[in-house]
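Undergrad: Dropping a structure here in structure tokens format, bear with me for questions.
Every number here is computed from the coordinates shown, using simple stated rules; none is lab data. No experiment lies behind these values; they were computed from the predicted model shown. Heads up, the Cβs are rebuilt from the backbone with ideal geometry, glycines too, and the neighbour counts pull from every protein chain shown.
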Amino acid sequence: MENKDNKMEKIVSLCKRRGFIFPGSEIYGGMANSYDYGPLGVELKNNIKQGWWKRFVHQRTDMVGIDAALIMNTKVWEASGHLDNFSDPLVECKKCHARFREDHLKSKDKCPECGAKKSFTASKQFNMMFKTFIGPAEESANVAYLRPETAQSIFINFKNILNFSRKRIPFGVAQIGKAFRNEITPGNFIFRTREFEQMEIEYFIPVPKKDKDWNKYFEYWRDEMKKWIQELGIDLKNIHELEIPKKELAHYSKRTIDFEYKFPFGQDELYGLAYRTDFDLKNHTKFSGEKLEYIDPETGEKYIPHVIEPSLGVDRTVLAIILEAYSEEEVKGEPRVVLKLPVWLAPIKIAILPLSKKEELSKVAHKVYEDLNQEFICEYDETQSIGKRYRRQDEIGTPYCITVDFESLNDKAVTIRERDSMKQERIKIGELKDYFKNKIE
Ligand code: ATP
């Protein structure tokens with residue numbers, strides 16, 4: 001019964017109604033393609049980021065993290081090639097003056113905005129970095145850019161990290177943070193925005209001795225990314241791995257695979273995996289004069305390592321997870337919308353729902369809530385009918401609901417309802433913590 005055509009509209013509406021994602025600056029009429037994460041959205045996003053950090057930093061011995069400044073010395077962007085190369089082809093309709101990214105146009109013969117035929121200007125390269133000025137004087141000497149990717153701050157800190165951590169190659173550095181791109185055509189909700197978050201790893205490997213030596217690391221990270229995608233509850237059948245043709249590779253890359261997700265608006269990039277060679281460390285060495293090299297402690301060999309980069313967008317992850325988890329069912333003739341999120345991602349783990357507002361019941365229910373809320377994120381709700389409360393929790397993906405009824409006063413037990421199966425179980429209040437520890441952790 002699910003209608004694919006308006007799935008995006010349904011998701012956008014659910015996200016707003018249920019406090020996941022709001023349109024940015026809404027009371028002032030909004031701001032093109034900017035979004036704010038609400039109380040549930042921030043929990044979901046934090047779960048993704050914390051899960052990623054745990055899996056790729058804490059649980060590994062070959063990885064460390066950093067959190068660098070968003071605005072860096074302009075020389076960083078000279079050295080990385082972003083000042084010269086980080087641009088998209090821009091065309092403008094001569095009739096309505098709407099601007100488009102040329103490679104995103106379905107047809108160059110007709111303006112999608114006003115319908116004018118053959119009305120586009122010749123394309124010119126538009127640099128996507130956001131410019132700003134440092135200090136009060138808006139002079140060219142004070143120009144700075146907001147970072148368009150998190151990667152470069154890892155490269156420029158290579159020496160500091162190495163001195164401190166004494167990691168041996170191969171090892172990686174991870175970072176989660178905001179990136180900014182002045183996209184010509186943002187859109188499709190949080191898929192393409194001008195401000196977004198990335199989770200990136202730069203994985204440093206030895207200089208390839210033979211031609212394809214680096215490929216085993218590339219294939220390893222390709223597998224790791226697929227495992228991560230599955231842990232998000234995303235079915236790999238909805239993922240397409242696109243091998244980027246040589247002539248379309250970014251200026252720093254020798255091999256790139258885009259992990260595309262089947263979004264309702266079309267198959268498009270969720271994540272990227274690139275072999276960046278030694279391009280960045282080499283250029284930063286050249287531009288800064290600092291030797292960004294590694295000394296092998298056993299052989300004494302000095303070299304500039306090569307790099308494999310798994311690059312993941314947090315916001316596109318949020319979107320893909322919600323799309324994948326969204327399901328519509330019919331239960332006893334009534335429609336039921338459920339967000340079948342993996343338990344570890346659900347913003348609220350347990351909802352406590354007393355069947356009556358009477359004081360004797362709410363006293364017991366509140367105690368259950370206060371106890372469980374110390375360990376799991378819980379919500380207490382005593383408004384509306386129990387059916388409506390279940391529906392709300394289903395829509396926000398809460399895996400467990402607890403109902404407290406008058407029987408609870410006698411048998412010191414409550415009923416637990418599981419989200420997907422809707423199966424109910426009676427559990428003693430004193431056993432709840434252990435029960436959920438097994439289920440949730
Ligand atoms: P696209 O081709 O869609 O513009 P890209 O190839 O430029 O993306 P990368 O430079 O590889 O993207 O960035 C790494 C990741 O950052 C992407 O896989 C995506 O998840 C995320 N990302 C990039 N641009 C945006 C954006 N404008 N809004 C949201 N997420 C983005």
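Undergrad: Please give the charge dipole size of the chain, origin at the Cα centre, charges +1 on K and R Cβ atoms and -1 on D and E Cβ atoms. Round to the nearest 20 debye.
TA: For this selection, approximately 600 debye.
Undergrad: Residue separation times 0.36 nm, minus the C-alpha to C-alpha distance between K227 and F22: what's the value?
TA: Once the chain is fully extended between K227 and F22, it gains 70.8 nm.
Undergrad: Kirkwood Rh, Cα Rg: Rg to Rh for region 103-258?
TA: 1.02
Undergrad: In degrees between 0 and 90, to the nearest 10, how far off the longest principal axis of the chain does helix 279-288 point, with axes built from Cα atoms?
TA: 60 degrees
Undergrad: Here's a follow-up. Mind jotting down the distance between the C-alpha centroids of region 15-89 and region 156-176, whole Å?
TA: Going from one Cα centre to the other spans 22 Å.
Undergrad: Kindly state, to the nearest 0.05, the FRET efficiency for L249 paired with E102, given R0 = 25 Å and r defined as their beta-carbon distance.
TA: Efficiency computed from Cβ-Cβ geometry: 0.85.
Undergrad: Further, regarding this structure: Relative contact order for region 348-440: what is it in percent, counting Cα pairs under 8 Å that are at least 6 residues apart?
TA: 30 percent
Undergrad: Same structure, new question: With N set to the number of residues, divide the alpha-carbon radius of gyration of the chain by 2.2 N^0.38 Å and report two decimals.
TA: It is 1.15.
Undergrad: Next question. For the chain, calculate the relative contact order in percent as a whole number, restricting contacts to Cα pairs under 8 Å that are 6 or more residues apart.
TA: 13 percent
Undergrad: Could you tally the net charge around I190, taking each other residue with its Cβ under 11 Å from the Cβ of I190, Lys/Arg +1 and Asp/Glu -1?
TA: So the surrounding residues net to -1.
Undergrad: Which order do F164, F133, F126, F120 fall in if you start with the one that has the fewest other Cβ atoms within 10 Å?
TA: Going from sparsest to densest Cβ surroundings: F164, F133, F126, F120.
Undergrad: Run through every distinct alpha carbon pair of region 247-342 and return the Kirkwood hydrodynamic radius in angstroms, one decimal place.
TA: So the Kirkwood estimate lands at 17.3 Å.
Undergrad: Do the sum for the chain: with -39,500 (n - 2.57) for every DSSP H run of n ≥ 4, divided by all residues, what is the mean residue ellipticity at 222 nm, to the nearest 500 deg cm²/dmol?
TA: One gets -8500 deg cm²/dmol as the mean residue ellipticity at 222 nm.
Undergrad: May I pose another question? Along its principal axes, what span do the Cα atoms of region 1-63 show, with the longest given first and each in whole Å?
TA: Taking the Cα atoms of region 1-63, the three principal extents are 47, 37, 19 Å.
Undergrad: Let me ask something else about it. Sorted from fewest to most neighbouring beta carbons within 10 Å, what does the list H284, H240 look like?
TA: With the fewest neighbours first, H284, H240 line up as H240, H284.
Undergrad: Calculate the radius of gyration of the Cα atoms of region 348-440 to one decimal place, then report Dmax, the largest Cα-Cα distance, as a whole number, both in Å.
TA: Here Rg and the maximum Cα pair distance are 11.9, 32 Å.
Undergrad: Simple spin-label model, 7 Å along Cα-to-Cβ: D62 to D434 in nm?
TA: About 4.1 nm separates the two model spin labels.
Undergrad: To continue, here is another question. In whole Å, what is the distance between the alpha-carbon centres of region 416-441 and region 301-375?
TA: Here the answer is 15 Å between Cα centres.
Undergrad: Still on this structure, I have one more. Exposure proxy check: S107, S253 ranked by fewest other beta carbons within 10 Å?
TA: Arranged by neighbour count, lowest to highest, S107, S253 become S107, S253.
Undergrad: For every other residue with a beta carbon closer than 14 angstrom to the beta carbon of K95, add +1 if it is Lys or Arg and -1 if Asp or Glu, then tell me the sum.
TA: Here the charged neighbours net out to +2.
Undergrad: Here's something else I'd like to know. I need the phi-derived Karplus couplings for region 30-42: 6.51 cos²θ - 1.76 cosθ + 1.60, θ = phi - 60°, integer Hz, Gly and Pro marked x.
TA: Karplus values, whole Hz, x for Gly and Pro: x, 9, 2, 6, 10, 9, 10, 7, x, x, 7, x, 5.
Undergrad: Ok, one more. Please work through the chain and write down the cysteines that have no neighbouring cysteine Cβ at a distance under 4.7 Å.
TA: C15, C378, C401
Undergrad: Round to the nearest 10 and give me the degree value, 0 to 90, for the angle of helix 359-372's Cα axis relative to the longest principal axis of the chain.
TA: It is inclined by approximately 30 degrees.
Undergrad: How big, in percent, is the set of alpha carbon pairs in region 254-408 lying more than 19 Å apart?
TA: 71 percent
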